[in-house]
1. Six or more apart or on different chains, Cβ atoms under 9 Å: show the pairs whose first residue is in the stretch 106-129 and on the phi < 0 side of the Ramachandran plot and whose second is in a helix (DSSP H, G or I) and exposed (fewer than 13 other Cβ atoms within 10 Å of the Cβ).
2. I'd like to check something: does the stretch 100-109 contain any residue that is modelled with pLDDT of 70 or more, among the small types (Gly, Ala, Ser) and under 19 Å from Ala8 (Cα atoms)?
3. I'd like the residue in the stretch 92-141 that is aromatic (Phe, Trp, Tyr) and outside any loop (DSSP other than H, G, I, E, B) and, out of all such residues, is surrounded by the fewest Cβ atoms within 10 Å (Cβ to Cβ).
Amino acid sequence: QWRTAYIASSNLEKINPNGPFRVYLQKVLFDDEQGTLDFYVRHEGKWEHKHVMGIKQEDGTYAADCKYECFTDEGKNIFEVAYASKNFMVTHNINVDEHGKKTVMTGLFVKPNIEEKGLQKFKELTEEKGIDEKNIVNFIKS
């Protein structure tokens, strides 16, 4: 059982309550060969299955057009699993919305609890991507 631990964003509106990228994970299935990511997000009290198919880029990231009914923000996304182990996953996403506004996000997803190594990798990536520390939301406490 996976869960969202932290998400950071260059635009806090995207991850505030009712924000389009306030994502609660339950289950993650990542197929590196096929470039697919299956996960469940919580929306209006129900778990919804999402399937993302991306095109693997030369640098190992995946470019994907993510258009979810539960996300009011339809746009282009470049999603990267920056670091993964059997107990945690650190991600990076760049969203460009329909108005051309770019938002940079990082996330830490854990199974079952936060490990120091995972938290450190998340903080390093968040800093590297230029996201202010005050824009980190703790999902465990919220």
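1. Thr106/Glu128; Lys123/Glu133; Thr126/Glu133; Glu127/Glu133
2. Initially, the stretch 100-109 is screened for residues modelled with pLDDT of 70 or more, giving 100-109.
Then keep just the ones that are among the small types (Gly, Ala, Ser); that gives 100, 107.
Now drop any that are not under 19 Å from Ala8 (Cα atoms), which leaves 107.
Taking every residue of the stretch 100-109 in turn, at least one turns out to be modelled with pLDDT of 70 or more, among the small types (Gly, Ala, Ser) and under 19 Å from Ala8 (Cα atoms).
3. Only one residue fits best here, namely Phe109.
The values are calculated or read from the model by the stated rules, or taken from the named source; none is laboratory data. Note that this is a predicted model, so its numbers are computed, not measured. Note: ideal-geometry Cβ built from the backbone for every residue, glycine included; neighbour counts use all protein chains shown.
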